[in-house]
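Nothing in this text is a laboratory measurement; each read-out follows from the coordinates by a stated rule. Quantities reported herein were computed from a predicted structural model and do not represent experimental measurements. Cβ atoms come from the backbone with ideal geometry, glycine included; neighbour counts cover every protein chain shown.
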Amino acid sequence: MVTARTALVTGGTGGIGTAIVEKLAAAGHRVATNYRNEEKTRAWQDKMKAQGVDVLTVKGDVSDPEDCERMVQDIQAELGPVEILVNNAGITRDTTFHKMSPGQWTDVITTNLNSVYNVTRPVIGGMREGGWGRIVQIASINGQKGQYGQANYAAAKAGMHGFTISLAQENAKFGVTVNTVSPGYVGTEMVMAVPEEVRAKIAAQIPVGRLGKPEEIAYAVAFFLPDDAAWVTGTNLSINGGHYMGW
Ligand code: NDP
């Protein structure tokens, strides 16, 4: 029997985020996510409703600290203190470093890494006071092995795991675990935007022989959430079809 918790999944309307929202809702948790685009989110909400998935959507830009404070307050007013946080929202702005503009660097660091501060900071106090919490960062295989054209993205994603292992130490005695999931290439919009021949080359490098599915990443996230996972903290779970077998 799973205890129902309040969960916030950032970027829950995206490819991987949707699968995480569905998985957490199916486990009986009270799930919230943020959105930026009202129109896009309305269609997503209709789809969730049709599937019987109950999810609270709150406007919020994860790159903006004040907006995140307000977003968390709005969620907590409706659903109670956030006990599960999945830092999933992310973007890419790919180009080789010698051509990278300050905007391409800053956008990715702000959205993918500063966001982790912006969203975790308003929820960590409540988790410590409540004596229970689960925080999961969605990083990336490219934060582990680097990637041509992604110095900004790889730096942000590697930084997320540095955050995980520090926060895990600071909060272990408060019943709060902090872990990272590092997905390989998953067939979401982010990856489907890559030309087909490049995707075929990527799939050919994956021992399992295909791109991942969003549900497979949601499965990895769910592993960290139950009471039974209380001794799992500060770890990085690679889930990539065998594409990268390092740390
Ligand atoms: P999507 O592009 O499908 O979804 C990204 C989500 O993040 C969207 O809901 C988007 O909202 C949201 N988001 C982006 N910027 C912001 C912002 N400033 N404020 C609030 N929300 C924001 O991506 P994926 O589902 O593929 O990726 C999810 C996570 O997984 C990302 O962190 C990504 O880096 C990581 N990842 C993905 C891999 C893949 O192969 N797809 C591989 C490894 C890691 P909006 O619709 O408003 O833009």
From the phi angles alone, apply the Karplus equation (6.51, -1.76, 1.60; θ = phi - 60°) to the stretch 77-86 and give each ³J(HN,Hα) in whole Hz, x where the residue is Gly or Pro.
5, 8, 10, x, x, 5, 10, 10, 10, 10
Would you mind putting 29-41, 2-14 in packing order, based on average other-beta-carbon counts within 10 Å, highest first?
2-14, 29-41
Tell me, what ³J(HN,Hα) does each residue in the stretch 153-164 have, in order and in whole Hz, if you take phi through Karplus 6.51 cos²θ - 1.76 cosθ + 1.60 with θ = phi - 60° and put x for Gly and Pro?
5, 5, 5, 5, 5, 5, x, 4, 6, x, 4, 3
If you place +1 on the Cβ of every Lys and Arg, -1 on the Cβ of every Asp and Glu, and leave all else neutral, what size is the dipole of the stretch 3-68 about its Cα centre, to the nearest 20 Debye?
320 debye
Helix-only mean residue ellipticity at 222 nm, the chain, DSSP H runs n ≥ 4 weighted -39,500 (n - 2.57), per residue, nearest 500. What is it?
-14000 deg cm²/dmol
Packing rank of 238-245, 214-221, where each peptide gets the mean count of other beta carbons within 10 Å, highest leading:
214-221, 238-245
Going down the list Lys157/Lys201; Lys40/Lys213; Lys59/Lys213; Lys47/Lys145; Lys23/Lys59; Lys99/Lys201, which pairs span over 29 Å between their C-alpha atoms?
Lys47/Lys145
Highest mean packing first, using Cβ neighbours within 10 angstrom, the peptides 128-137, 163-172, 186-195 sort as 128-137, 163-172, 186-195
When only C-alpha pairs under 8 Å and at least 6 residues apart count, what is the relative contact order of the chain, in percent?
19 percent
Cα centroid separation, the stretch 100-133 to the stretch 29-86 (Å):
16 Å
Among Leu85, Leu225, Leu79, what is the fewest-to-most ranking by other Cβ atoms within 10 Å?
Leu79, Leu225, Leu85
